[in-house]
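The values are calculated or read from the model by the stated rules, or taken from the named source; none is laboratory data. This is a predicted model, so every value here is computed, not measured. All Cβ positions, even for glycine, are placed from backbone atoms using ideal geometry, and neighbour counts span all protein chains on display. Note: accessible area is taken over every heavy atom of the protein model, side chains too, but ligands, DNA and RNA are not part of it. Shrake-Rupley method; radii C 1.70, N 1.55, O 1.52, S 1.80 Å.
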Amino acid sequence: MSGAQAMADQVKPKDVVDELIAFTRDDMESVNEMLLARVGSRVEMVPEVASYLIDAGGKRLRPMLTVAAARLFTPQNTHHINYAAAVEFMHTATLLHDDVVDESSKRRGKLAARMVWGNAASVLVGDFLLGQAFMMMVETRDVDALGVLSQAAAIIAEGEVFQLSKANDLTTQVDEYFAVIKAKTAALFEAATEVGAMAGGATEAQRKALKQYGAELGIAFQIVDDVLDYGGVSGTIGKNVGDDLREGKMTLPILHALQNANQADCDFIKAHLGDAEASAEAVSRVVEILHNTNALEDALKRAREHADVAKTHLKEFADHPGGRILIDVADYCVERAY
């Protein structure tokens with residue numbers, strides 16, 4: 001039995017997500033009500049653009065992590081609802097902004113908002129959502145939690161700028177790649193679980209454990225996303241596969257391939273990196289090179305390492321239903337690539 005098959009037998013991704021949804025359902029209903037209420041505006045385009053993405057079928061993983069982290073303890077108020085909603089608005093805002101920066105045409109299986117309303121509307125509605133997120137944070141009057149989430153917002157923006165500066169940069173090093181994903185992705189996972197723990201009444205040690213869990217989970221999640229951009233382990237070529245290549249993103253699979261492929265294959269990757277018009281055939285050839293150099297499998301090994309570290313931070317909660325689910329979520333984040 002292969003390692004991938006063994007992992008598949010141990011973890012059932014859909015079941016894990018269903019368990020997380022069930023565990024957080026009551027609170028997430030309140031979160032969703034808050035999202036709908038706060039997306040309203042007297043300017044028609046604002047709720048149109050925001051709802052277009054919010055209703056597009058995302059799993060709401062980040063706010064569910066906030067709720068689940070809070071439910072490891074005994075929340076004495078509804079602050080975790082505000083934080084979860086704020087986290088979702090922050091995430092949605094970054095998606096709107098990212099699609100403009102990356103000139104993406106698709107998001108969650110349909111046209112990106114920028115393709116429907118234009119770049120300006122996407123940026124401005126993203127700004128509106130960030131404003132609403134901070135209003136929801138302020139309403140709790142918890143300055144420490146506000147500090148955690150506001151710092152995350154700044155780090156995320158910094159990470160996106162750093163990634164932009166490294167686009168098509170063939171001198172990019174692996175440690176620079178990790179600096180990008182720790183900022184642009186892991187920072188929000190980290191903040192989501194930390195403020196959840198804070199809202200639940202965690203001790204300082206418990207808060208730190210949930211923070212570290214979120215950070216490691218976020219790193220694993222982004223590595224897997226970068227693998228999925230090339231079809232995952234199966235290498236299936238479908239819609240949007242190869243977008244990172246066309247956008248010139250120096251992700252871990254590409255960095256690994258450039259370090260281990262022969263000169264001809266390296267030249268082929270370099271020729272199509274950042275080529276917005278790269279054909280499906282060219283992408284298919286790059287995927288083949290990634291497989292020949294074990295770039296996708298090796299990237300997933302790195303993701304697995306971070307997922308395993310994430311789980312170690314939840315040992316104290318292993319007997320808690322929510323703790324067990326969060327531990328399984330770390331496995332799910334890697335397993336979805338198989």
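Per-residue 3J(HN,Hα) values for the stretch 260-271, derived from phi via the Karplus relation 6.51 cos²θ - 1.76 cosθ + 1.60 with θ = phi - 60°, read 10, 7, 6, 4, 5, 6, 4, 4, 5, 4, 4, 5 Hz in sequence order (x marks Gly and Pro). Axis of helix 280-292 versus longest Cα principal axis of the chain: the two differ by about 90°, to the nearest ten degrees.
The amide H of Lys106, built 1.01 Å from its N in the peptide plane, has Ala112 as neighbours under 5 Å, considering only residues 5 or more places off or on other chains. For the chain, the longest principal axis of the Cα atoms and the long axis of helix 295-312 meet at an angle of about 20 degrees. Return the whole-Å distance between the Cα centroid of the stretch 36-79 and the Cα centroid of the stretch 86-155. After rounding, the separation between the Cα centres reads 11 Å.
Peptide packing: for 61-73, 272-284, 130-142, the average count of neighbouring Cβ atoms within 10 Å per residue gives the ranking 61-73, 130-142, 272-284, highest mean first. Entry note, the chain: relative contact order of 20 percent, from Cα contacts under 8 Å with a spacing of 6+ residues. Per residue, the solvent-accessible area of the stretch 13-335 (1.4 Å probe, heavy atoms of protein chains only, all protein chains present) comes to 42 Å².
Working note: Karplus 6.51/-1.76/1.60 with θ = phi - 60° gives the stretch 48-54 the couplings 5, 5, 5, 5, 4, 7, 4 Hz, where Gly and Pro are set to x. Accessible surface of the chain, 1.4 Å probe: 51 percent of it comes from carbon and sulfur atoms. Karplus-based coupling profile of the stretch 68-78, in residue order and whole Hz: 4, 4, 5, 6, 6, 10, 10, x, 9, 8, 10, with θ = phi - 60° in 6.51 cos²θ - 1.76 cosθ + 1.60 and x standing for Gly or Pro.
How far, in degrees from 0 to 90, does helix 187-200 lean away from the longest principal axis of the Cα atoms of the chain, to the nearest 10? Helix 187-200 and the main axis of the chain meet at about 20 degrees. Separation of the stretch 175-238 and the stretch 263-338, taken as the distance between their Cα centroids, equals 13 angstrom. A protection proxy built from the mean count of other Cβ atoms within 10 Å ranks the segments 209-215, 86-92, most packed first, as 86-92, 209-215.
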